[in-house]
Amino acid sequence: MASQFIDAFELYRKALRKTWQSLLRGWITIVAVIGFVFLLMLAQQIASPLGMAGGFLLGAVNALLVGATLSLVEQSISYARILTIKDVFDSFGHYFWDVIGVGFVLWIPLMALDIGMQANPNGIFFSYAVMLLIFILLNPAPEVIYQVRHDSPLDVFKSAYEFVLENWIEWFLPIGLLLLPLLAAPDGLKSFFLLSRRVGRGAGLDFFQILMLPFTILGSWFAYLGIGPETSRYLILILTPALAVAILLFRGHLFASLVGSSRRQRRFAARFDEPK
């Protein structure tokens, strides 16, 4: 077990180095994410009086923005050049149908769950458990979409599930470390379940939910460090987009290192790695 954690931290060291390099190349992704927030807020204003049609419109805009974000993250990871504003515009349309497909397949059972739990006195607890399960088992769905060949949303679910079963320690340990102040708080467990309920609902493919995790991490760490609420409010607003992009890049590099290889294979390959 000790050697497993040592191997994991070596993976994190390499992923962090690559994340920094990708952030230098793809810093414009942070600017794009800020712009996407305003676009989605505008879409919400337009969609709110349109009823069900507005819901479909909002879902399409969300898929467009999430797909563009994943495309920019993919380019930041894969390309050796610095991304430009042209890459931001060219990213629109990428992975649109992948995000739509996954969201639609999830939407039907989750809608049935919401309706069924209204009459159940223990429905809220069952709902939290289901969302936590989705949060865990489909957590790498964004990375599967742009890094793994798939033909349908069910392929995305299958790949994400198999990846989590094989690599759950290496994948979730960084999230646990980032959420330590939240989990250590007096109501930390309740806050974690609330977070997993919000983030899990869209399998990480809701644009505002992509920002929810870094927003929560920053808030919990600032509270732990004793930074006043007025100061922390402004810092959170400023830093959330940058941290969101950094987390997506780190996840992308970590996923690329883990997918398609077992712990034994990575340990064997590490013997031949030359120090850089």
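The values are calculated or read from the model by the stated rules, or taken from the named source; none is laboratory data. Everything numeric here is computed off the predicted structure, so don't read it as measured data. Virtual Cβ from ideal backbone geometry, glycine too; neighbours counted across all protein chains shown. With ligands, DNA and RNA removed, areas are computed over all heavy atoms of the protein, side chains included. Shrake-Rupley method; radii C 1.70, N 1.55, O 1.52, S 1.80 Å.
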Review point. Any idea which residue in the stretch 73-96 is farthest from residue 204 (Cα to Cα), counting only those that are among the hydrophobic types (A, V, I, L, M, F, W, C) and within 18 Å of the chain's Cα centre (by Cα)?
Key: 77
Check your understanding: Pick from the stretch 170-212 the residues that are in contact (Cβ under 8 Å) with a residue 60 or more places away in the chain and of a type in the set (Asp, Glu): which of them is nearest to residue 241 (Cα to Cα)?
Key -> 206
Study note, to complete from the structure: Sole miss for residue 155 among (1) at pLDDT 90 or above; (2) of a type in the set (Asp, Glu); (3) closer than 17 Å to residue 66 by Cα is condition (3)
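State whether one or more residues within the stretch 214-221 are under 25 Å from residue 42 (Cα atoms), open to solvent by less than 70 Å² (accessible area, probe 1.4 Å) and touching a Ser or Thr at 6+ places or on another chain (Cβ under 6 Å).
Taking the stretch 214-221 as the starting set, the residues that turn out to be under 25 Å from residue 42 (Cα atoms) are 214-216.
Among the residues that remain, those that are also open to solvent by less than 70 Å² (accessible area, probe 1.4 Å) are: 214, 216.
Remaining after also requiring touching a Ser or Thr at 6+ places or on another chain (Cβ under 6 Å): 214.
Scanning the stretch 214-221, I find at least one residue that is under 25 Å from residue 42 (Cα atoms), open to solvent by less than 70 Å² (accessible area, probe 1.4 Å) and touching a Ser or Thr at 6+ places or on another chain (Cβ under 6 Å), so the answer is yes.
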Point to revise | Single residue of 207, 222 found to be under 14 Å from residue 248 (Cβ atoms) and of a type outside the set (Val, Ile, Thr) | key: 207
Point to revise | Residues satisfying the stated conditions in the stretch 165-207, i.e. among the acidic types (Asp, Glu) and either closer than 28 Å to residue 257 by Cα or under 18 Å from the mean Cα position of the chain (by Cα) (or both) | key: 166, 170, 206
Point to revise | First in the stretch 63-90 and under 29 Å from residue 107 (Cβ atoms), second anywhere and open to solvent by 60 Å² or more (accessible area, probe 1.4 Å) and assigned to a loop (DSSP other than H, G, I, E, B), Cβ under 6 Å, 6 or more apart | key: 67/94; 68/92; 71/94
Point to revise | Identity of the residue in the stretch 110-169, in contact (Cβ under 8 Å) with a residue 60 or more places away in the chain and over 18 Å from residue 205 (Cβ atoms), that ends up most open to solvent (accessible area, probe 1.4 Å) | key: 166
Check your understanding: Taking residue 105, is it closer than 20 Å to residue 192 by Cβ, surrounded by fewer than 19 Cβ atoms within 10 Å (Cβ to Cβ) and of a type in the set (A, V, I, L, M)?
Key -> no
Check your understanding: Restricting the first residue to the stretch 230-249 and requiring it to be more than 23 Å from residue 204 (Cβ to Cβ), which pairs with a second residue that is open to solvent by less than 30 Å² (accessible area, probe 1.4 Å) and not basic (Lys, Arg) meet a Cβ separation below 6 Å and a spacing of at least six or different chains?
Key -> 232/222
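Looking at this structure, is residue 172 among the aromatic types (Phe, Trp, Tyr), buried (at least 16 other Cβ atoms within 10 Å of the Cβ) and assigned to a helix (DSSP H, G or I)?
On the way: among the aromatic types (Phe, Trp, Tyr): yes; buried (at least 16 other Cβ atoms within 10 Å of the Cβ): no; assigned to a helix (DSSP H, G or I): yes.
In short, no.
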Review point. Of (1) under 13 Å from the mean Cα position of the chain (by Cα); (2) modelled with pLDDT under 90, residue 142 satisfies all except one. Which?
Key: (2)
